[in-house]
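Structure first, commentary second.
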Amino acid sequence: MESDNSFNNPFVAQPDKSCVNSDWRKAVLSVETVYADAPIVLRVNGVRAGTLGNFSASIGKAKSKKSFNVTAMAAAALCSDYVLGYDVILPPDRSTILYVDTEQSCGDCQLLMRCILALAGQSPDTDSPRLVFLSLRQYTPAERVLIIEDAMASLPSVGLVIIDGVRDLLHDINNPTEATSVISLLMKWTDRYQFHLHTVLHQNKSDDNARGHLGTELANKAETVMSVEKDKEDGAVSVVRPVYTRSTEFPPFAFRIGGGELALPEIVGDYSFTEPTALRSGKGKFSPFDLGEGNHRRALSKIFPDSTVTFTYSELSKEIKSAYGEVLGHSVGDNAVSKIIQFLRNKRMIVQDDNRKGAPYRFNPDFVW
């Protein structure tokens, strides 16, 4: 069937502008109209993470088991029960799962399919009519976009779409125009077809940010962003944490890959998520990323009550030790303070107005978590 290419994707031929609906009246809202809340379909440990008409994302470094994490999400949708930390309840008329893989071979994709079916309590050797799996490794970015959109238009019963490899829908991950176009496509698709879409993107090797301009746009627009990271001491364990949410942050969970032919992910029930000793000493496993956006914002609001406040590095160190200690309820060591400052700079949560050494720091309220 013919796909609608009216959105600004740089790899797809553009239609005549006269075909685009630009009537602003169709976008007007009214306080006198009752707008229904979007149904919640994705929960993590009982907390809202995804609704129909929106999209969410997983980010993580290479080999952090991101694909195993999203297979659990797909399995939860397939069996309407908890799998790892996920609970996915789709409406009866939107019970189909569309799973798109852009990176792996057909053989590896088939293993993922079998994994999803087994996690859902179904036979791993029999296709499910509710699971449609596309392997798009061999196609170009433009072809992938067209194939995905054609599948969406052809499957009105889809309630959950997983795109494992959103990076492969564009050529240059650092191209702002391409990044904006792809994220706009995700917003258009979810709004038009009213499913929930979850996608996967790598993190930078040097920090915890999602890669490139695409990662920045993804963090800005996604309903929920979660991270999947290997435990620093036990590489067999991966931890799923909230990075950015529009509602309450969900409690993290940990999983490992079990034995057996399919090597299914399984929950690690006795994993410890608290690291007070490392935080106080600044040594060991502590990462400022683990404090969450809420704690950082609360501490920074104490340090920078308005836009005119600035601090030198030494002044900022003292303020951070005091404010973070107050927010977290315990002392923060000097080494941990140094890590926090470096983290805040990398995230551009604090900035210097010029690059000279010793320039004062100020708060940047428009940072992307």
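The values are calculated or read from the model by the stated rules, or taken from the named source; none is laboratory data. The shown structure was predicted, so the numbers you read here are calculated from the model rather than taken from an experiment. Every residue, glycine as well, gets a Cβ built from its backbone with ideal geometry; the counts of neighbours run over all protein chains shown. The protein model used for the area step is the full one, side chains on, heavy atoms only, and it has no ligands, DNA or RNA in it. Shrake-Rupley method; radii C 1.70, N 1.55, O 1.52, S 1.80 Å.
Looking at the range 337-367, which of its residues are modelled with pLDDT under 85 and farther than 17 Å from THR312 by Cβ? Scanning the range 337-367 gives PHE343, ASN346, LYS347, ARG348, PRO365, ASP366, PHE367. Quick one: would you say ARG167 is among the charged types (D, E, K, R), open to solvent by 20 Å² or more (accessible area, probe 1.4 Å) and not in a loop (DSSP other than H, G, I, E, B)? Answer is yes for this residue.
For the range 40-61, a residue qualifies if it is assigned to a strand (DSSP E or B) and open to solvent by less than 20 Å² (accessible area, probe 1.4 Å), and the qualifying residues are VAL41, LEU42, VAL44, ALA49, GLY50, THR51, PHE55, SER56, ALA57, SER58, ILE59, GLY60. Just one residue in the set LEU90, LEU98, LEU78, LEU84 is open to solvent by less than 40 Å² (accessible area, probe 1.4 Å), touching a helix residue (DSSP H, G or I) at 6+ places or on another chain (Cβ under 8 Å), at positive phi and modelled with pLDDT of 85 or more; that residue is LEU84. As a summary of the residue check, GLU293 satisfies the conditions (1) under 23 Å from GLN203 (Cα atoms); (2) acidic (Asp, Glu); (3) at pLDDT below 75 except for the one numbered (3). Within the range 113-135, the residues that satisfy the criterion of being among the β-branched types (Val, Ile, Thr) and in contact with a strand residue (DSSP E or B) (Cβ under 9 Å, 6 or more places away or on another chain) are ILE116, VAL132.
Counting only helices (runs of 4 or more DSSP H) that fall entirely inside the range 292-354 and contain at least 2 residues that are within 30 Å of ARG211 (Cβ to Cβ) and aromatic (Phe, Trp, Tyr), the qualifying elements are 313-328.
Output the residues belonging to the range 82-108 that are in a helix (DSSP H, G or I) and either in contact (Cβ under 8 Å) with a residue 60 or more places away in the chain or farther than 22 Å from ALA153 by Cβ (or both).
Passing the criteria: ASP93, ARG94, CYS106, GLY107, ASP108.
Say whether the condition of being in contact with a Phe, Trp or Tyr (Cβ under 8 Å, 6 or more places away or on another chain) and more than 21 Å from LEU90 (Cα to Cα) is met by at least one residue in the range 164-177. Checking the range 164-177: at least one residue is in contact with a Phe, Trp or Tyr (Cβ under 8 Å, 6 or more places away or on another chain) and more than 21 Å from LEU90 (Cα to Cα). Applying the criterion of being touching a Lys or Arg at 6+ places or on another chain (Cβ under 6 Å) and within 25 Å of GLN110 (Cα to Cα) to the residues of the range 235-261, the residue that is most open to solvent (accessible area, probe 1.4 Å) is ALA236.
Within the range 109-160, the residues that satisfy the criterion of being open to solvent by less than 30 Å² (accessible area, probe 1.4 Å), within 26 Å of HIS171 (Cα to Cα) and assigned to a helix (DSSP H, G or I) are CYS109, LEU112, PRO141, ALA142, ARG144, VAL145, ILE148, GLU149, ALA151, MET152.
Scanning the range 239-269 for residues that are in a strand (DSSP E or B), under 22 Å from ARG114 (Cα atoms) and in contact with a helix residue (DSSP H, G or I) (Cβ under 8 Å, 6 or more places away or on another chain) yields a count of 3.
Here ASN54 passes the criteria (1) at pLDDT 90 or above; (2) under 30 Å from ALA236 (Cβ atoms) except the one numbered (2).
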